[in-house]
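Please read the structure below before turning to the comments.
The values are calculated or read from the model by the stated rules, or taken from the named source; none is laboratory data. Since the model is a prediction, treat every value here as computed from it, not as a measurement. Backbone-built Cβ (ideal geometry, glycine too); neighbour counts: all protein chains shown.
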């Protein structure tokens, strides 16, 4: 209210400043002053009048709200009265006038209209679809030496809908923001992919997150699939994390007050998602820690490095085995370390025409426990490198190579899903991408897929679109 | 876990102790960095996040920017969604609540002037349009005055001890600026009514100021790179309605405007668009001097 008065007074005084320019003699000036004073008084009186009305209406509304059952009707009436009064105040405070010259405008942006749905969250949708042609049956395609989760499988042949996502994002109050992301797979199963609250007001560079969210480990893990540089996840992400690890838990991040970017994070998860299962340790089955560092090298290039660690316990992790009618089961501990390096280049720091991004990640994985009740322990490694080059506006080319090396298994597990039959799973991928805008893209991706013993050729067409207010993407 | 927390808290405490004497400014674009320096003088430390060679619509949310935003007391940005593709991510990742939208530490220049071309309908089919209106206000120097006033008030609010200093610098800037604008306006008189083509539809405030007449943009829709078919259409239009020259911002791809220039036999001019866009545009004053100088040169050819 005070603000409104102030604005009105300001406008009045602005008018007072402008108008004397047209007055030639003192008499005119005096007359105009008088007029202005009069207008000023009138407005003040009107505003005061409306203020009292508004106060009364607000009080009425409050009284009505606190009153019991039949109060709702009168409250609505009182509120609409308050609203009308508010609108009138606004009209008085900003009397319609000729648009004044640009540089004399005091204007803060106009206040948005008060309405019941003004605080709606930002709702965004992500759609994507595939056409896939694999020379071997995608369902039966294994990753040699690994028992993989459902999400790590190849995209089915022919037309299919990829994951469709709807997300809702908004500030909850001055201290928290909320994010909800629901995805539907191509068989119409809804899944709460992320649902978390995040602190926005912690001091000293801390942020706390709680709920279900994607872990901050590695480089790709925290990104939604639509934000990946290729149509699918690299082999290590498929084999070790079922494409990406998200679970229910809490996360604490701290950004160091240094000149280079230096961020520390730690997470504590329930441990219900691959590579965890069964919410071991009383529902605190997974812990992670990560460090991110990054800076500019010069105006054109920059880097980001990350070291991440995940420890989890799987209590009865079931994985589908295409060679057997019965699911495999793993109970035991997994330790996973990831080293990540990202390099980005854009001439003069302007990625509009040309830009290049290179990513390399190395994974160490240690498993210890019982697979199908047979004890084993082994160390695996995996890595990938990828580069994507935008050679002209809207067009990019990408290449990726990824490889896995599974550790030795005891003789008792020979012939099981953990047996790689002496074969290192690897895949080479080439990508051509056309962006219709920053909200839409088409991809053609070819993979020479040697993850199973016999090679497979996979061609993918993919479209991905985003619409609605969608947050900016990470580096 | 607990050790980590304690360690982090200790580090934070260490870092927090040497309270910075100066107001730390994170300026999104060079023109707002330059204005912050004009108003803040030696009481502010200004970090400018982008250069005149970069497209302010499309900046990668680089780690270095996040690190700089972490310690900022105030962001001085254009607003009107110009930075929507990168700034929100930087602010979120900076874990710095001082500069969150709506806080005193978040300053948006476009909130203090009247924006032109406020769309009557919002539809992504229209290309890269801004809901609040055309954000490129810095192409008209007259816009600097209300922004400077608001910025001085904001600095004074955030750093009360130096309020008088900011106000007096603002008053001084206003005096020098008003004189400079009058001089530029007089110098640019020959440009009045000149028909021009523009690469990106980013110059309406300048056209408004100097009375330039924009015949056609080289982008079919804002932010959409032109196809060769569209450029042929532009050429046809230019035959019916000839223009004196075609302008682009220094950071923009030079091919579309150079192509049109060679076909229509007119000069293509790369204007600085912001401080540092050309070698001569070293500060706020030389930005407009160079802009007018370059366009007057275009008239002669």
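Descriptive notes on the structure:
- Residue within the range B:60-75 that is closer than 30 Å to residue B:186 by Cβ and touching a strand residue (DSSP E or B) at 6+ places or on another chain (Cβ under 7 Å) present: no
- Those residues of the range A:362-379 which are surrounded by 20 or more Cβ atoms within 10 Å (Cβ to Cβ) and either in contact with a helix residue (DSSP H, G or I) (Cβ under 8 Å, 6 or more places away or on another chain) or not in a strand (DSSP E or B) (or both), in sequence order: A:363, A:365, A:371, A:376
- Among the residues of the range B:163-184, those identified as more than 14 Å from residue B:285 (Cβ to Cβ) and either under 19 Å from the mean Cα position of the chain (by Cα) or surrounded by fewer than 19 Cβ atoms within 10 Å (Cβ to Cβ) (or both) are B:163, B:164, B:165, B:167, B:168, B:171.
- Scanning the range A:218-236 for residues that are closer than 17 Å to residue A:465 by Cβ and more than 19 Å from the chain's Cα centre (by Cα) yields no hits at all.
Here is a yes/no grid of residues against (1) more than 10 Å from chain B (Cβ to nearest Cβ); (2) assigned to a loop (DSSP other than H, G, I, E, B):
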| residue | (1), (2) |
| --- | --- |
| A:271 | yes, yes |
| A:288 | yes, no |
| A:295 | no, no |
| A:309 | yes, no |
| A:326 | yes, yes |
| A:360 | yes, no |
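- Residue within the range A:322-335 that is within 20 Å of residue A:247 (Cβ to Cβ), at pLDDT 95 or above and within 28 Å of the chain's Cα centre (by Cα) present: yes
- Counting only strands (runs of 3 or more DSSP E) that fall entirely inside the range A:399-475 and contain at least 1 residues that are touching a helix residue (DSSP H, G or I) at 6+ places or on another chain (Cβ under 8 Å) and modelled with pLDDT under 95, the qualifying elements are A:426-437, A:456-467.
- For the range B:114-133, the candidate set comprises residues that are part of a loop (DSSP other than H, G, I, E, B) and free of Cβ contacts under 8 Å to residues at least 40 places away in the same chain; within that set, the residue that is surrounded by the fewest Cβ atoms within 10 Å (Cβ to Cβ) is B:120.
- Within the range B:245-258, tally of residues that are within 14 Å of chain A (Cβ to nearest Cβ) and either in contact (Cβ under 8 Å) with a residue 24 or more places away in the chain or over 25 Å from residue A:299 (Cα atoms) (or both): 9
- Tally of residues being within 14 Å of chain B (Cβ to nearest Cβ) and either crowded, with 24+ Cβ neighbours inside 10 Å or part of a loop (DSSP other than H, G, I, E, B) (or both) across the range A:214-236: 6
- Matching residues, the range B:88-100, being at the interface with chain A (Cβ under 9 Å from one of its Cβ atoms) and either closer than 25 Å to residue B:145 by Cα or in a loop (DSSP other than H, G, I, E, B) (or both): B:94, B:95, B:96, B:100
- The residue list A:239, A:266 contains one member that is over 18 Å from the mean Cα position of the chain (by Cα), more than 7 Å from chain B (Cβ to nearest Cβ) and either surrounded by fewer than 20 Cβ atoms within 10 Å (Cβ to Cβ) or farther than 23 Å from residue A:192 by Cβ (or both), which is A:239.
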